[in-house]
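To start, the structure under review is shown below, and the notes come after it.
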């Protein structure tokens, strides 16, 4: 295999993990990326602390991948949370488990890990080519790249496509690859926002008053399928943040099917509806309603603002109606925020187009990995873990393919 070469297109976690696996074989490995530096989305993910994976039991962990659990489980069984933590340790960084069960490297930063990883790959002989934007294939089958010096054809015995999804265009994930694969006859499901915010038709007063305010210690419910306590942020256009992201796939799909989705907020999870009724009935005397709610239920600020936004003025004098609103405030969501603003994307290369090693059935020798595959998961380390796992699987698939190739 000494004469074989592999082109990896995309320098994020999936592409770099494929490169690391390929170091096991006597092949020339070239990584191409459209950006001026590698791992830009990986670096962005670590801005507030790099959540590398999650510590929960594997059965619970794998359930986070929803309808794509069956497709991803084989790869995650081979390289899941425990293996990823071991890999980080081997790179020279200890990890710890946060109070939420999320796993972080000591120091919390992505940059030292990426720097050490790139050094290890370079020392192994991997070559990096920046500012190379993939433009599909030439008529003779060569990979085609746009560079500062014009178009450049590249021939390789195999290729790994790890081009990301369609979110965060400025970091390199723009979904432009969809055109080239569809042109090659590959079925690609439409890219959609995932782990995203949603638009709400706020009043002008509410928008100006509460934009950027966090809403803490609430329970968000959606139908019978979602109920979780947490927090999120009010924005000028709607809502975003961890609790919203956790429900985003269901909310997005409901809006797509029915035109809108209505979430329910329990503003005081520590009180039952009966307890809320009892406290509302306490003498108000000359206090304003806002002062009364703050005194008896600690409802203030943005929580009171939400009640004013969605409860009719006359209903504030009806304790039973107000108690129901406090324990289940209905907020209609109009639409997801644009794909480019989302943390990740759903849709991508259909798994039916791939063999068990993630090779495209219609384009032998071309493998796909990472977020460009048709799966999604919530934040919490699930996205990164599956990107690493599928990158590893694609790398192993390339080695097997080259072993059996005579070309």
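Key figures for this structure:
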read-out: Residue in the stretch 58-74 that is surrounded by 15 or more Cβ atoms within 10 Å (Cβ to Cβ), in contact (Cβ under 8 Å) with a residue 60 or more places away in the chain and over 20 Å from the mean Cα position of the chain (by Cα) present; value: no
read-out: Among (1) buried (at least 18 other Cβ atoms within 10 Å of the Cβ); (2) under 17 Å from residue 249 (Cα atoms); (3) assigned by TED's automatic domain parsing to the domain that holds residue 255 - the single one residue 323 does not satisfy; value: (2)
read-out: Residues within the stretch 265-298 that are closer than 19 Å to residue 230 by Cα, surrounded by fewer than 20 Cβ atoms within 10 Å (Cβ to Cβ) and over 32 Å from the mean Cα position of the chain (by Cα), tallied; value: 3
read-out: Residue in the stretch 20-27 that is in a loop (DSSP other than H, G, I, E, B) and either buried (at least 18 other Cβ atoms within 10 Å of the Cβ) or within 18 Å of the chain's Cα centre (by Cα) (or both) present; value: yes
read-out: Residue list for the stretch 136-146, filter: in a loop (DSSP other than H, G, I, E, B) and within 29 Å of residue 24 (Cβ to Cβ); value: 141, 142
read-out: All positions within the stretch 365-401 that are assigned to a helix (DSSP H, G or I) and under 20 Å from residue 169 (Cα atoms); value: 370, 371, 372, 383, 384, 387
read-out: Residue check, residue 17 in contact (Cβ under 8 Å) with a residue 60 or more places away in the chain, crowded, with 21+ Cβ neighbours inside 10 Å and touching a helix residue (DSSP H, G or I) at 6+ places or on another chain (Cβ under 7 Å); value: yes
read-out: Wholly within the stretch 180-292, helices (runs of 4 or more DSSP H) carrying at least 1 residues that are in contact with a strand residue (DSSP E or B) (Cβ under 9 Å, 6 or more places away or on another chain) and closer than 22 Å to residue 321 by Cβ; value: 204-210
read-out: Breaking point among (1) outside any strand (DSSP E or B); (2) closer than 28 Å to residue 222 by Cβ; (3) at pLDDT 95 or above; (4) within 30 Å of the chain's Cα centre (by Cα), for residue 331; value: (1)
read-out: Residue match in the stretch 340-356 (condition: closer than 19 Å to residue 252 by Cα and surrounded by fewer than 19 Cβ atoms within 10 Å (Cβ to Cβ)); value: yes
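Conditions (1) surrounded by fewer than 17 Cβ atoms within 10 Å (Cβ to Cβ); (2) without any contact (Cβ under 8 Å) to a residue 40 or more places away in the chain; (3) more than 17 Å from residue 307 (Cα to Cα), marked per residue:
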residue	(1), (2), (3)
218	no, no, no
222	no, no, yes
228	yes, yes, yes
233	no, yes, no
245	no, no, yes
251	no, no, yes
255	no, no, yes
258	yes, yes, yes
263	no, no, no
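One line per residue, one yes/no per condition, for (1) on the phi > 0 side of the Ramachandran plot; (2) at pLDDT below 95:
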position	(1), (2)
358	yes, no
362	no, no
367	no, no
385	no, no
391	no, no
399	no, no
404	no, yes
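The values are calculated or read from the model by the stated rules, or taken from the named source; none is laboratory data. Keep in mind that this is a model prediction, so the values were computed, not measured. Cβ sites come from the backbone with ideal geometry, for glycine too, and all protein chains shown count toward neighbours.
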